[in-house]
Amino acid sequence: MPPARIESRIQLIRGQKVMIDVDLAELYGVPTKALNQAVKRNTQRFPVDFMFQLTAAEKQEVVTNCDHLSKLKFSKSLPYAFTEHGAIQAANVLASPQAIEMGVYVVRAFVHLRELVVSNKELALRLDELEKRTNLISFKQEAFEHNTRVQLKQIIDTLRELMTPPPTVPKRLIGFVTPDDRPVKRKK
């Protein structure tokens with residue numbers, strides 16, 4: 001069985017990656033009833049962190065989300081969910097050659113999914129770091145642009161001041177000045 005098919009049967013329930021008893025029994029080549037009977041005969045081998053029974057609401061959600069589990073909709077019993085360790089223990093309890101062989105593939109599928117989660121976390125951390133760096137660069141760029149605009153405005157204002165001619169001061173006439181030559185003073 002291809003590992004991708006096994007991985008597609010692993011679901012996240014109650015924050016744990018698990019396989020439903022129907023899928024596990026199919027992989028191990030036994031009826032679901034036989035798997036559950038073997039588990040019930042060996043309950044001491046299945047603590048709560050290895051296996052748990054779904055609630056009615058969880059069962060409904062699983063049936064809704066997984067097309068291949070549509071037959072569970074009509075079942076009166078609530079299915080069991082097996083964690084990675086529970087799947088290994090179930091293979092040991094069944095002790096059939098196919099169950100033991102498939103148990104190895106199931107473990108590999110769980111390990112592969114765990115590695116994917118770790119690599120996704122690393123990728124998320126790298127993306128966060130990249131976002132921080134781009135924000136810092138953007139902030140520095142905006143500060144540089146603001147400072148450049150201020151400096152350019154100062155340069156333009158200074159050039160405009162230099163371009164405007166100074167106000168002309170009337171020259172003082174020297175020598176004999178006739179009343180017509182005198183500047184007219186305005187009365188205030």
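The values are calculated or read from the model by the stated rules, or taken from the named source; none is laboratory data. Predicted model, so just to flag it, every value in this text is computed and none were measured. As a convention, Cβ positions derive from the backbone with ideal geometry for all residues, glycine included, and neighbour counts pool all protein chains shown.
Numbers below:
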quantity: Verdict on GLN151 being of a type in the set (S, T, N, Q), closer than 30 Å to ARG9 by Cβ and part of a helix (DSSP H, G or I); calculated: no
quantity: Extreme residue, modelled with the lowest pLDDT, among residues of the stretch 1-40 that are part of a loop (DSSP other than H, G, I, E, B) and within 11 Å of MET102 (Cβ to Cβ); calculated: MET1
quantity: Residue check, ARG133 in contact with a strand residue (DSSP E or B) (Cβ under 9 Å, 6 or more places away or on another chain) and not aromatic (Phe, Trp, Tyr); calculated: no
quantity: Residues of the stretch 41-58 satisfying the condition of being loosely packed, with under 15 Cβ neighbours inside 10 Å and in a helix (DSSP H, G or I); calculated: ARG41, THR43, GLN44, ALA56, ALA57
quantity: ASP128, sole failed condition from (1) modelled with pLDDT of 80 or more; (2) closer than 19 Å to ARG45 by Cα; calculated: (2)
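For (1) part of a helix (DSSP H, G or I); (2) at pLDDT below 85; (3) touching a Ser or Thr at 6+ places or on another chain (Cβ under 7 Å), each residue gets a yes or a no:
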{"site": "GLN98", "(1), (2), (3)": "yes, yes, no"}
{"site": "ARG114", "(1), (2), (3)": "yes, yes, no"}
{"site": "LYS132", "(1), (2), (3)": "yes, no, no"}
{"site": "LYS171", "(1), (2), (3)": "no, yes, no"}
